[in-house]
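The values are calculated or read from the model by the stated rules, or taken from the named source; none is laboratory data. Because the structure is predicted, anything quoted here is derived from the model rather than measured. Glycine also receives a Cβ, built like all others from the backbone with ideal geometry; neighbour counts cover every protein chain displayed.
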């Protein structure tokens, strides 16, 4: 790899990227998708265009090593046919268009879904690290260290001796830098091993002996909008195929690709028994959790057998509030991202890279929060809302 590469390993990504890629490989190897970068933070990133282009070119040098292959296979989640295929894959930078428009930095990715899916985390981590170097005024590693130590001192003082509190580091895509993410995790291992349940970053999980954590992302459910004959069955189909692929090994379902109401209509007892929990990523977390808990009870499923995972813009303060609200009622866990990996001073970016089309058809993410809807076709969104009864 070139010495200036930000991404130096194929495994420097979120765990759910490989779990989804395996599902794509087995079920939808010919699907073609389009994805687009969107920055919700009002800042002009156009000055980064050349460096982003250079870093994307470096992605072509990524390879899965034999040691990494063996480690993934030993996990019991990944199958040899998929890993053999992954060893032969080379990311094609020509699938990525990086340019400036009147709206600033624009990044589009198009190609076979099995290849495009990997670009998401790499591109977001590249943009975030370049932003931290060039444009994140006031940010520094000393500030990041001071902020982290203050947070951990607060957490240690706040937690009761017998309090059950568990979190996972979720911050690869919006980190200040890879070096800081690694140092952060090393610090968490030393100070919070009783509460840290792992990381979403596969490379760092392997290097530090942590559990890699993740299941599915929005793109899995989005793409199914174009992979079924009946749009009204797309969400249910996505959940059924996921269970077919993993047989409950990765049993936490994401609820807000459309919204919670639409999700719960599809998530009947048959499906719920196939899954071990739900993940929250938009909307009010307490309200969402209460609805989930009530839904399990109405289905005759013991909430103690399920898990609620919260992952929407969390810090320790909010996570503890949610934890204490549901203590004794249903197990909970927390994915904490930007607030850990990019609290380095200045303002971190709120950005995503989401699917906007599959096989030439529009796809959408609607969510439970205003401002998170993403689709290039307003008419399609209106029709999707009508079919699923979304207000």
Considering the stretch 221-234, residues that are surrounded by 19 or more Cβ atoms within 10 Å (Cβ to Cβ) and free of Cβ contacts under 8 Å to residues at least 40 places away in the same chain, and then whichever is nearest to the chain's Cα centre (by Cα), we arrive at 221
Determine whether the stretch 341-356 contains at least one residue that is over 22 Å from residue 34 (Cβ atoms), part of a loop (DSSP other than H, G, I, E, B) and at pLDDT below 95. no
State the number of residues belonging to the stretch 196-210 that are part of a loop (DSSP other than H, G, I, E, B) and touching a residue at least 40 places away in the same chain (Cβ under 8 Å). 1
Which ones in the stretch 49-80 are touching a helix residue (DSSP H, G or I) at 6+ places or on another chain (Cβ under 8 Å), farther than 24 Å from residue 97 by Cβ and part of a helix (DSSP H, G or I)? 68, 69, 71, 72, 73, 80
From the list 325, 280, pick out the single residue that is buried (at least 22 other Cβ atoms within 10 Å of the Cβ), assigned by TED's automatic domain parsing to the domain that holds residue 162, closer than 24 Å to residue 196 by Cα and in contact with a helix residue (DSSP H, G or I) (Cβ under 9 Å, 6 or more places away or on another chain). 280
With the condition kept exactly as written, say whether any residue in the stretch 329-339 is at pLDDT 95 or above, out of contact with any helix residue (DSSP H, G or I) (no Cβ under 8 Å at 6 or more places or on another chain), outside any helix (DSSP H, G or I) and assigned by TED's automatic domain parsing to the domain that holds residue 150. yes
Criterion violated by residue 120 - all others in (1) under 16 Å from the mean Cα position of the chain (by Cα); (2) in the same structural domain as residue 227 (by TED's automatic domain parsing); (3) crowded, with 22+ Cβ neighbours inside 10 Å satisfied: (2)
Considering the stretch 268-301 alone, what residues qualify as being within 20 Å of residue 329 (Cα to Cα) and assigned to a loop (DSSP other than H, G, I, E, B)? 273, 275, 276, 284, 299, 300, 301
When the residues of the stretch 18-48 are narrowed to those that are in contact with a strand residue (DSSP E or B) (Cβ under 8 Å, 6 or more places away or on another chain) and in a helix (DSSP H, G or I), which ends up nearest to residue 200 (Cα to Cα)? 48
Residue list for the stretch 235-249, filter: surrounded by fewer than 23 Cβ atoms within 10 Å (Cβ to Cβ) and either out of contact with any helix residue (DSSP H, G or I) (no Cβ under 6 Å at 6 or more places or on another chain) or in a loop (DSSP other than H, G, I, E, B) (or both): 240, 243, 244, 246, 247, 248, 249
Of the residues in the stretch 367-380, those that are at pLDDT 95 or above and either in contact with a helix residue (DSSP H, G or I) (Cβ under 6 Å, 6 or more places away or on another chain) or surrounded by 15 or more Cβ atoms within 10 Å (Cβ to Cβ) (or both) come to 380
Answer from 104, 111 - the residue that is at positive phi and modelled with pLDDT of 95 or more: 111
Take the stretch 253-265 and flag every residue that is surrounded by 20 or more Cβ atoms within 10 Å (Cβ to Cβ) and either part of a helix (DSSP H, G or I) or in contact with a strand residue (DSSP E or B) (Cβ under 7 Å, 6 or more places away or on another chain) (or both). 253, 254, 255, 257, 260, 262, 263
Go through the residues of the stretch 169-181 one by one and say whether even a single one is touching a helix residue (DSSP H, G or I) at 6+ places or on another chain (Cβ under 7 Å), assigned to a helix (DSSP H, G or I), under 14 Å from residue 16 (Cβ atoms) and in the same structural domain as residue 276 (by TED's automatic domain parsing). yes
The one condition residue 84 fails out of (1) farther than 17 Å from residue 353 by Cα; (2) at pLDDT below 95 is (2)
Here is a check on your reading of the model: is residue 281 under 21 Å from residue 221 (Cα atoms) and within 19 Å of the chain's Cα centre (by Cα)? yes
Kindly provide the set of residues from the stretch 132-153 that are part of a helix (DSSP H, G or I) and in contact with a helix residue (DSSP H, G or I) (Cβ under 7 Å, 6 or more places away or on another chain), ordered by number. 134, 141, 144, 148, 151, 152
